[in-house]
Protein chains: 2
Amino acid sequence: MKKKLAILVSGTGSNMEEIAKNCIRGFINAEVTFVASDKSDAAGLEKARSLGISTMVLPYLKEGQESAEKVLIDKILKEQVDWLVLAGFMRILSPGLVQKLSGKIVNIHPSLLPALPGTKAIERAWNAGVKITGVTVHLVDEKVDHGPILAQEPVRVSGSETLESLERKIHDVEHRIYSRVLRDLVNRNLSVTEGRKPV
Amino acid sequence: MKKKLAILVSGTGSNMEEIAKNCIRGFINAEVTFVASDKSDAAGLEKARSLGISTMVLPYLKEGQESAEKVLIDKILKEQVDWLVLAGFMRILSPGLVQKLSGKIVNIHPSLLPALPGTKAIERAWNAGVKITGVTVHLVDEKVDHGPILAQEPVRVSGSETLESLERKIHDVEHRIYSRVLRDLVNRNLSVTEGRKPV
């Protein structure tokens, strides 16, 4: 039986698209059961449908977080989803939802956590003049952009870098690393470092 | 005329030793004018003396920060020191001293700043389960482990890593990167990225 992923997006869904294609071509031994968004006009939803994936809009705007998360968790339980994959989802999940799905929510963040959690991480790295930034894939806990780290990749800021070229480099790494981690998670080939204290 | 460095240490002074040797062998076109410490028994002082470098103890313990910094700045001005190099110096310099020597104080920190400023950065990176950490050399401003970044190097945490092996790897990178940055600073071969906003 193939493992099941659900993916949450708020924007273009370029990470979602890469993951979905890697499921379809068998690189990740899983299927994307559905793609959901807090925004009805997220470009990622249209992209998912064009790949034959069901989509849904979570009623954050109309009914608020509690209702939206209820819709989400009901669907996840009904479809027996194995992992919930955050791919540019711009809402913070409630501690209650995170606990219900403990160890089963995966997130990608465009920095080497614990550096620069929160939004606009690439721009903030750029403004700080860092020479190295990168990408982190981690399991989600109750704190924002926090939880056991599954994989990290560094990205070097070159002398001729612009913010735009840095964003492209980081997004390219995101696309590569996220599918690799999900493949390994699905194949039980990835162990989280245990027994260490949080930062 | 050779440029002049003063180095502050609190501990073993292994970075100081590497820098001093690289000055002696001409890799860095500068001389170490003196090595100072807040601790009279810092092993780095003995190491400096064995390399023929004058040392001094700053009277932090007996007379407090203000007096200690006065002794330091007087000596720096008298000797016309070009750069003050922090190498495991465990005191925070006052904003007044930092302003007086603005752009002339260099520090090394065992993380990829802005990740993990403060003490025990390697241990905290380890406890956080990061897959990548590293080393930062930066100019010192009024905040702790903060200021324009001159260089960064990543260090990968391997699957078989221990805290001890990680510390060794990071210290090796420190020794390499610090001398390289000082060489480039002295040769005016290093420009700080201008016009970016701080984190």
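Any read-out appearing in this document is the output of simple, stated calculations on the displayed coordinates, not a laboratory observation. From a predicted model like this one, the values you see are computed outputs, not experimental measurements. Virtual Cβ from ideal backbone geometry, glycine too; neighbours counted across all protein chains shown.
Structure summary
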quantity	calculated
Surface/4 estimate of mean projected area, convex hull on alpha-carbon atoms of the range B:84-199, nm²	7.3
Averaged over B:133-140, number of beta-carbon atoms from partner chains that fall within 10 Å	2
Taking all pairs of distinct alpha-carbon atoms in chain A, Kirkwood radius in angstrom	17.2
The range B:21-36 - phi-based ³J(HN,Hα) in whole Hz, Karplus 6.51/-1.76/1.60, Gly and Pro as x	5, 6, 6, 4, 7, x, 5, 9, 7, 7, 10, 8, 6, 7, 10, 10
Ranked by how many other beta carbons lie within 10 Å on average, peptides B:6-12, A:161-167 from highest	B:6-12, A:161-167
Nearest-20 debye value, chain A charge dipole, Cβ charges on Lys, Arg, Asp, Glu	440
Under Karplus coefficients 6.51, -1.76 and 1.60, residue-wise ³J(HN,Hα) of the range B:122-136 in Hz, glycine/proline x	5, 4, 5, 4, 4, 5, 6, x, 5, 8, 9, 10, x, 9, 10
Where only alpha carbons of the range A:40-91 are counted, the Rg and the Dmax (Å)	11.6, 30
Nonlocal amide H pairs with B:Met56, under 5 Å, H built at 1.01 Å	B:Val35, B:Ala36, B:Ser37
Cut-off 9 Å between beta-carbons: net charge of the residues surrounding B:Leu51, Lys and Arg +1, Asp and Glu -1	+2
Links that overshoot a 21 Å alpha carbon limit, given the list A:Lys143/A:Lys169; B:Lys4/B:Lys169; B:Lys2/B:Lys78; B:Lys4/B:Lys39; A:Lys2/A:Lys70	A:Lys143/A:Lys169; B:Lys4/B:Lys169; B:Lys4/B:Lys39; A:Lys2/A:Lys70
Over the protein assembly as shown, volume per residue of the alpha carbon convex hull, in Å³	162
Position B:Thr162, label points 7 Å along Cα→Cβ, spacing to each other copy in nm (shortest first, one decimal)	5.0
For chain A: relative contact order, % (alpha-carbon pairs under 8 angstrom, 6 or more apart)	20
Amide hydrogen neighbours beyond the local backbone of B:Ser10, cut-off 5 Å, H modeled	B:Phe89, B:Met90
